[in-house]
Amino acid sequence: KNTGITMRSLWSLKLVKKLVPYTVLLAAMIFWACTGLVQIESNEEGAVYRFGRLRDETLKPDIHLTLPWPFDRVETYSRGGIGLHGAGQLIRQRFGADAAGADALRQLLLGGGNELVSINLRIEYSISDLHRYLMCSSSPESILRALAYEAVTAHTINTDLTSLLSVDRTEFANDFAADLGERMSSYDLGLRVVSVVLESIHPPVEIASVYQEIVGAGIRAEQYMLEA
């Protein structure tokens, strides 16, 4: 106040006042450019959509620089296995996070349609080619589900309950996996079967007690014959 110098007259404040708009603009540009920086984890693969169109090349695990939003959009997909569960006469399917609401009821018939059986079958699969997986169909899992039903029907329709209950589970699973792989090859789904596990084969729950009575009657008949 005594010298007559005001803070507004200082050159440093005037410089800062001029630089503030440019600094804000530069920070916004850097932030916008960083939207094109994508990190793909070791168990993932990225699909790049440029102007809404899927590009042929995919992003492998690493840090990648793409065009900033909205020019490029990256979607990541897990390269690990996804499971499908099917339970014969009451067939329940579960795909990853959709397990809670993907139940469907179907009947698996044997012996020309005269018998029912319940099969607990687990199919584990993974994405082998992400570009094909995204281009072949809007829902490759639905196609895989239908092919799995076809395969399990083909492997059981010409047998009966007694024969199926005594089947070698490992051999059945291996044959089923080979058959399913052949069916998938013609659809070019971009998926591969990792493993097939036949968890259990048993009569439907609705007739389990009747089936047990029949088996028990046969055992008792043999017992009576031996006693006689």
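The values are calculated or read from the model by the stated rules, or taken from the named source; none is laboratory data. Note that the structure is a prediction, hence the values are computed from the model and not measured. Positions of Cβ are generated from backbone atoms using ideal geometry, with glycine treated the same way; all protein chains shown enter the neighbour counts. Note: areas computed on protein heavy atoms with side chains; ligands, DNA, RNA excluded. Shrake-Rupley method; radii C 1.70, N 1.55, O 1.52, S 1.80 Å.
Among the residues of region 41-68, which ones are among the hydroxyl-bearing types (Ser, Thr, Tyr) and either crowded, with 16+ Cβ neighbours inside 10 Å or over 20 Å from the mean Cα position of the chain (by Cα) (or both)? Please lay out each step first, then the result.
Initially, region 41-68 is screened for residues among the hydroxyl-bearing types (Ser, Thr, Tyr), giving 42, 49, 58, 66.
Answer for region 41-68, where residues must be among the hydroxyl-bearing types (Ser, Thr, Tyr) and either crowded, with 16+ Cβ neighbours inside 10 Å or over 20 Å from the mean Cα position of the chain (by Cα) (or both): 49, 58, 66.
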Find the residue count for region 142-164, including only residues that are touching a residue at least 40 places away in the same chain (Cβ under 8 Å) and assigned to a helix (DSSP H, G or I).
-> 10
Checking residue 117 against (1) within 15 Å of the chain's Cα centre (by Cα); (2) open to solvent by less than 60 Å² (accessible area, probe 1.4 Å); (3) at pLDDT below 75, which single condition isn't satisfied?
-> (1)
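Quick one: would you say residue 188 is modelled with pLDDT of 85 or more, charged (D, E, K, R) and over 19 Å from the mean Cα position of the chain (by Cα)?
Working: modelled with pLDDT of 85 or more: yes; charged (D, E, K, R): yes; over 19 Å from the mean Cα position of the chain (by Cα): no.
In short, no.
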Give me a count of the residues in region 57-81 that are over 20 Å from residue 192 (Cβ atoms) and among the β-branched types (Val, Ile, Thr).
-> 3
Residue 205 versus (1) farther than 22 Å from residue 136 by Cβ; (2) at pLDDT 65 or above: which is the lone unmet condition?
-> (2)
For residue 38, work out the one condition from (1) at pLDDT below 90; (2) open to solvent by less than 90 Å² (accessible area, probe 1.4 Å); (3) in a strand (DSSP E or B) it doesn't fulfil.
-> (1)
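Residues of region 171-187 being touching a residue at least 12 places away in the same chain (Cβ under 8 Å) and open to solvent by 70 Å² or more (accessible area, probe 1.4 Å), which ones? Step through it out loud before you land on a result.
In the first step, residues of region 171-187 are kept if they are touching a residue at least 12 places away in the same chain (Cβ under 8 Å); the result is 172-177, 179-181, 183-184, 187.
The answer is 174, 175, 187.
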